[in-house]
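What follows is a short report on a single structure.
Just so it is clear, none of the values below were taken in a lab; they were calculated from the coordinates. Keep in mind that what you see is a predicted model, and the values were worked out from it rather than measured.
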Amino acid sequence: MVDEDALRAAALAQRLAAELAEYSRGDVSAAEGSQAASADVASIKTSFDERIVDGDLRSATRSRFHTEHYADAVEAGVKCLCDVIRSRSGSVEDGDALMTSTFSPKAPVLRINAGRSKNDESEQRGHMMLCQGVVGSWRNPRAHSLIEDSPERTLMMLEMIQSLIETTKSSTRTRKRK
């Protein structure tokens, strides 16, 4: 048995030595990788500046994004969406209640289209549900737990939020503010 233990220990030592050698060689490529990562971060920051053009969203998220606080940028972006919806609708609600009371297909406060056909009703419902989904799946988890978002994923989420903000800003109020 001692021989088997010795053989296992020797095999483990060889694997560890091989891994150590691999990591030691990786120092040069790690430095190159770090430079590439810096270039990628600069590129994604430029992409943010080119692609996030809504003034409200940009104001709420740019400093967070540029300082690499990506989850905070997403949370702030969703809060900005809610603020735009509240401002346009006059509602004081938040979350699902805000989206339902504002974009309800049957009696919306804000109408995103003419509302004359089943397709219009479906589009209205879809916008309401997308807004609800963004709050439920993007804002709430980041508000209640620590989440790490990549810059690419953050930019994708902010672009979606921007689209929802643009649609909301171009909507028509159908009844007086509450």
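Short version: ³J(HN,Hα) in whole Hz for each residue of region 42-59, in order, from phi by Karplus 6.51 cos²θ - 1.76 cosθ + 1.60 (θ = phi - 60°), x for Gly and Pro, what are they?
Couplings: 4, 5, 5, 5, 5, 4, 4, 5, 7, 9, 9, 10, 5, x, 5, 5, 4, 4 Hz.
Given q = 0.20 Å⁻¹, what are the Debye log10 I(q)/I(0) values for region 44-178, with equal point scatterers placed on the Cα positions and solvent ignored?
With one equal scatterer per Cα and no solvent, log10 I(q)/I(0) is -1.09.
Relative contact order of region 52-173: what whole-number percent is it, with Cα pairs under 8 angstrom and at least 6 residues apart?
It comes to 36 percent, rounded to a whole number.
Quick one: check the C-alpha center-to-center distance for region 38-68 versus region 114-170, whole angstrom.
Rounded to whole Å, the Cα centres lie 18 Å apart.
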